[in-house]
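Colleague: Okay, here's the structure, questions in a sec.
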Amino acid sequence: MLKSNGLLTGQTAVVTGANSGIGEGIARAMAQAGANVIVNYVSGEASALALVKELEAGGGRAAAVFADVADEAQVAALFKKAVQLYGGVQILVNNAGIQKDAAFTEMTLAAWQKVLDVNLTGQFLCAREAARLFIKSRVNPALSCAAGKIICISSVHEVIPWSGHCNYAASKGGVMLLMKTMAQELAPLKIRVNSIAPGAIKTPINQTVWSDPAGAAKMLDLIPYKRIGETADIGKAAVWLASDESDYINGATIFVDGAMTCYPGFATGG
Ligand code: BGC
């Protein structure tokens, strides 16, 4: 791991779903920036523990903590554990998310509900717990000029409709207005709330697409910058959004997508 850039020294970040994919990349970047990292996981304890080991070997402080983000009591226990371990929390990265894809007419209620539970209700429960904590602990100028920062990991599909994924797109559209409403309501309390909307990032969630040459080519057709994203691309943006460098950014979605949201079909037509 590189030497800490110090942007988040002494702060504690809870990163949900941090044992794989984008969450893992964010946990690495946060640790590198000097934050204590709670590596939350719901399945995949082994990978969470391996990541903690890796972060500690690089000089960071981290702990793996189990919690299902869609379970109110488990979310409360997650934050309690973080406070026990590190004395407080200054950053929440609402990352945990899943896909359960099906054609609209084939979408089961169970698949609809599960995706909404994890991707939207999970973000609500974690953010509510974090905000309650931030309000109690107030601003500590030695750590940050904000009382706390919440970063919602959304998706380009908070604005791009996605056939075959109505549950996922609806959950991310929901995250957009949840984030903006929280930003409006919590700003006077010195809490900043923003989203990162990743495009196609190489992770297990879309592995069947990018690991197949024809799938990867189709994906690249949708990315004007002609590169599939890496989890580190999201990690860097998350560190910046969590740091005082972005102190006046509040209620914004930052698209980290190689221009996927710039209507690539219109590059040659229209
Ligand atoms: C989805 C990925 C997809 C990307 C771009 C993400 O939110 O989880 O499966 O590749 O959006 O469409």
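Colleague: Among what's in the range 238-270 and is of a type outside the set (S, T, N, Q) and free of Cβ contacts under 8 Å to residues at least 12 places away in the same chain, pick the residue that is nearest to Gly10 (Cα to Cα).
Modeller: Result: Tyr248.
Colleague: Among the residues of the range 141-171, write down those that are part of a loop (DSSP other than H, G, I, E, B), more than 16 Å from the ligand (Cβ to nearest atom) and of a type outside the set (Gly, Ala, Ser).
Modeller: Pro141, Leu143, Cys145, listed by residue number.
Colleague: Another question, then. Inspect all residues belonging to the range 176-184 and state whether any of them is in a helix (DSSP H, G or I), surrounded by 13 or more Cβ atoms within 10 Å (Cβ to Cβ) and more than 20 Å from the chain's Cα centre (by Cα).
Modeller: Filtering the range 176-184 down to residues in a helix (DSSP H, G or I) leaves 176-184.
Narrowing further to those that are surrounded by 13 or more Cβ atoms within 10 Å (Cβ to Cβ): 176, 178-180, 182-183.
In the following step, the residues that additionally are more than 20 Å from the chain's Cα centre (by Cα) were identified as none.
No, every residue in the range 176-184 fails to be in a helix (DSSP H, G or I), surrounded by 13 or more Cβ atoms within 10 Å (Cβ to Cβ) and more than 20 Å from the chain's Cα centre (by Cα).
Colleague: Is there a residue in the range 190-213 that is in contact with a Pro (Cβ under 8 Å, 6 or more places away or on another chain) and of a type outside the set (Val, Ile, Thr)?
Modeller: no
Colleague: May I pose another question? Could you give me the residue pairs with C-beta distances under 6 Å whose first residue belongs to the range 157-171 and is hydroxyl-bearing (Ser, Thr, Tyr), whose second residue is buried (at least 18 other Cβ atoms within 10 Å of the Cβ) and outside any loop (DSSP other than H, G, I, E, B) wherever it lies, and which are 6+ apart or on separate chains?
Modeller: So the pair list comes out as Tyr168/Val115; Ser171/Val115; Ser171/Asn119; Ser171/Leu120.
Colleague: Working only within the range 109-159, note down all residues that are crowded, with 22+ Cβ neighbours inside 10 Å and aromatic (Phe, Trp, Tyr).
Modeller: Phe134
Colleague: When the range 228-237 is examined, which residues are found to be farther than 19 Å from Ile160 by Cα and either free of Cβ contacts under 8 Å to residues at least 12 places away in the same chain or not in a helix (DSSP H, G or I) (or both)?
Modeller: Glu230
Colleague: Still on this structure, I have one more. Asp221 is checked against (1) of a type in the set (D, E, K, R); (2) farther than 19 Å from Ser144 by Cα; (3) surrounded by 14 or more Cβ atoms within 10 Å (Cβ to Cβ) and fails just one. What number does that condition carry?
Modeller: Here Asp221 clears every test but (3).
Colleague: Would you point out the residue of the range 172-203, among those that are within 10 Å of the ligand (Cβ to nearest atom) and touching a residue at least 60 places away in the same chain (Cβ under 8 Å), that is nearest to Glu24 (Cα to Cα)?
Modeller: Going through the qualifying residues, I end up with Thr203.
Colleague: Restricting attention to the range 206-231, which residues are within 12 Å of the ligand (Cβ to nearest atom), out of contact with any Gly (no Cβ under 6 Å at 6 or more places or on another chain) and among the hydrophobic types (A, V, I, L, M, F, W, C)?
Modeller: Trp210, Ala216, Met219, Leu220, Leu222, Ile228
Colleague: Now for a separate question. Tell me the strands (runs of 3 or more DSSP E) entirely within the range 1-78 that contain at least 1 residues that are free of Cβ contacts under 8 Å to residues at least 40 places away in the same chain and either surrounded by fewer than 16 Cβ atoms within 10 Å (Cβ to Cβ) or not basic (Lys, Arg) (or both).
Modeller: Working: elements: 12-15, 36-41, 61-66.
Ranges flagged: 36-41, 61-66.
Colleague: Any idea how many residues of the range 91-109 are within 15 Å of the chain's Cα centre (by Cα) and more than 16 Å from the ligand (Cβ to nearest atom)?
Modeller: The total comes to 2.
Here, each number is a calculation from the coordinates, and none is a lab measurement. It should be emphasised that the depicted structure is a prediction, and the values quoted were computed from it without experimental measurement. Please note: Cβ atoms are built from the backbone with ideal geometry, for glycine as well, and neighbour counts cover all protein chains shown.
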